[in-house]
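The values are calculated or read from the model by the stated rules, or taken from the named source; none is laboratory data. Remember, it's a predicted structure, so these values are computed and weren't measured experimentally. Every residue, glycine as well, gets a Cβ built from its backbone with ideal geometry; the counts of neighbours run over all protein chains shown. All accessible areas refer to the heavy atoms of the entire protein, side chains included, with ligands and DNA or RNA removed. Shrake-Rupley method; radii C 1.70, N 1.55, O 1.52, S 1.80 Å.
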Amino acid sequence: MAGREGKETGLEPYVDLTVSVITNDGRNIVGVLKGFDQATNIILDESHERVYSTKHGVEQLVLGLYIIRGDNIAVVGELDEDLDSSLDFDALRAQPLQPVCH
């Protein structure tokens, strides 16, 4: 990416940053973006899935190195690590996300 400062597009600015990915089936996967391709298939490292519940706290399932197919991605966004670390996931309650309907 040398010589391309100011011309980055798509996911390039997020490489090596912690991102949150919402998949079409309603899953929330958080990890460090390590790479992607032209089909928006992405590689996450140090990843985990956050499973939301209205009765229990947020369960975090360790996934490690994880690949997500581009056609299963609804949203990718940078995670605010300071805000994220201040959240009490054991006390947090939320409805699980519903699958995306096209």
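Residues whose amide H falls under 5 Å from that of residue 79, counting only those 5 or more places apart or on a different chain, are 18, 19, 20, with hydrogens built in the peptide plane.
Counted by Cβ distance under 13 Å from residue 74, the other residues give a net charge of 0, where Lys and Arg count +1 and Asp and Glu count -1. Averaged over its residues, the chain has an accessible area of 65 Å² per residue, based on protein heavy atoms and a 1.4 Å probe.
Loop-located GluC sites (Glu not before Pro) in region 5-81 (DSSP state not H, G, I, E or B) with no more than 10 neighbouring Cβ atoms inside 10 Å: 5.
Taking the helices alone, the chain has a mean residue ellipticity at 222 nm of -1500 deg cm²/dmol, built from -39,500 (n - 2.57) per DSSP H run of at least 4 residues and averaged over all its residues.
Starting from the Cα of residue 82, step 7 Å toward the Cβ, then list every residue of region 12-36 with an amide N under 19 Å from that point. What the label zone holds, given the 19 Å backbone N cut-off, is 17-20. Here is the tail figure for the chain: Cα pairs spaced more than 19 Å apart come to 46 percent of all pairs. Considering only Cα atoms, the convex hull volume of region 12-69 works out to 78 Å³ per residue.
Shown here: region 58-102, whose C-alpha atoms stretch 32, 25, 19 Å along the first, second and third principal axes, sorted largest to smallest.
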